1. Within segment 132-160, how many residues turn out to be of a type in the set (D, E, K, R) and part of a helix (DSSP H, G or I)?
2. Listed residues 81, 91; which is modelled with pLDDT under 95, open to solvent by 30 Å² or more (accessible area, probe 1.4 Å) and more than 30 Å from residue 136 (Cα to Cα)?
3. Quick one: how many residues across segment 21-41 are under 12 Å from residue 100 (Cβ atoms) and either open to solvent by less than 20 Å² (accessible area, probe 1.4 Å) or among the polar types (S, T, N, Q) (or both)?
4. In segment 40-52, which residues are under 15 Å from the mean Cα position of the chain (by Cα) and in contact (Cβ under 8 Å) with a residue 40 or more places away in the chain?
5. Considering only residues that are open to solvent by 70 Å² or more (accessible area, probe 1.4 Å) and over 15 Å from residue 102 (Cα atoms), look in segment 1-20 and name the one that is modelled with the lowest pLDDT.
6. Given the conditions (1) more than 17 Å from the chain's Cα centre (by Cα); (2) free of Cβ contacts under 8 Å to residues at least 40 places away in the same chain, report the number of the one that residue 24 does not fulfil.
7. Among the residues of segment 140-176, which ones are among the hydroxyl-bearing types (Ser, Thr, Tyr) and out of contact with any strand residue (DSSP E or B) (no Cβ under 9 Å at 6 or more places or on another chain)?
8. Going by the conditions given, is residue 160 surrounded by 12 or more Cβ atoms within 10 Å (Cβ to Cβ), of a type in the set (Val, Ile, Thr), over 25 Å from residue 11 (Cα atoms) and in contact (Cβ under 8 Å) with a residue 12 or more places away in the chain?
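The values are calculated or read from the model by the stated rules, or taken from the named source; none is laboratory data. In this text the structure is predicted, and so the values were computed from the model without any measurement. With ideal geometry, Cβ positions are generated from the backbone for all residues, glycine too; neighbour counts draw on all protein chains shown. Accessible surface areas use protein heavy atoms only, side chains included; no ligands, DNA or RNA. Shrake-Rupley method; radii C 1.70, N 1.55, O 1.52, S 1.80 Å.
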Amino acid sequence: MSEPASISTGIASRYARAVFDLAREEDMLAAVEQDLGLLEGALAESADLRALIASPLYSREEQGRALDALADRMGLSAIMRNTLGLLAAKRRLFILPHLLAALRGLIAEARGEVAAEVISARPLTAEQERRLADELSARAGRSVKLQTRVDGSLIGGLVVRLGSRMIDTSIRAKLGQIQNMMKEVG
């Protein structure tokens, strides 16, 4: 992992722990988890939002106002609204994706679940998701909650991240392996 990414992850982990502890103390974990889904969706869909949180060209005030308006439109909980405001005030909005991932992990851990990220070439059906979750749960020995996303560049197959393990059965990876073998031969 690169140094800036690990610094961002470390900062995000501390914020995530504080948000998690506060949400658990105020019995608001369900609301914060709902906020996570909304924010993850907004980041995935909006290039403007990604630019807003990453660009140093926006002032603290501009970022704060924009995120306050976003929080109003999304109906975010007070805990998440205050967290976004604090991140804007401290010029740390760039850690938001890391914060959301760390917070999702803490919530899953509190439930005795483990999160698995699944990237597929095409959207999985409900039955495929259920079967995959069952198989991963059997291997992990705990309940597995899937976070799925689609990446057409995989061509086919799946990439599954379960904790520190990664299983890559994508056609893109297999083609890369074949390409490397051909380089060694030729």
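1. Within segment 132-160, the subset of a type in the set (D, E, K, R) is 134-135, 139, 142, 145, 149, 151.
Those left that are additionally part of a helix (DSSP H, G or I): 134-135, 139.
Number satisfying all stated conditions: 3.
2. Checking each option against the conditions leaves just 91.
3. So the answer is 4.
4. 40, 43, 44
5. Residue satisfying both the conditions and the ranking: 1.
6. (2)
7. Correct list: 153, 164.
8. So residue 160 fits the description; yes.
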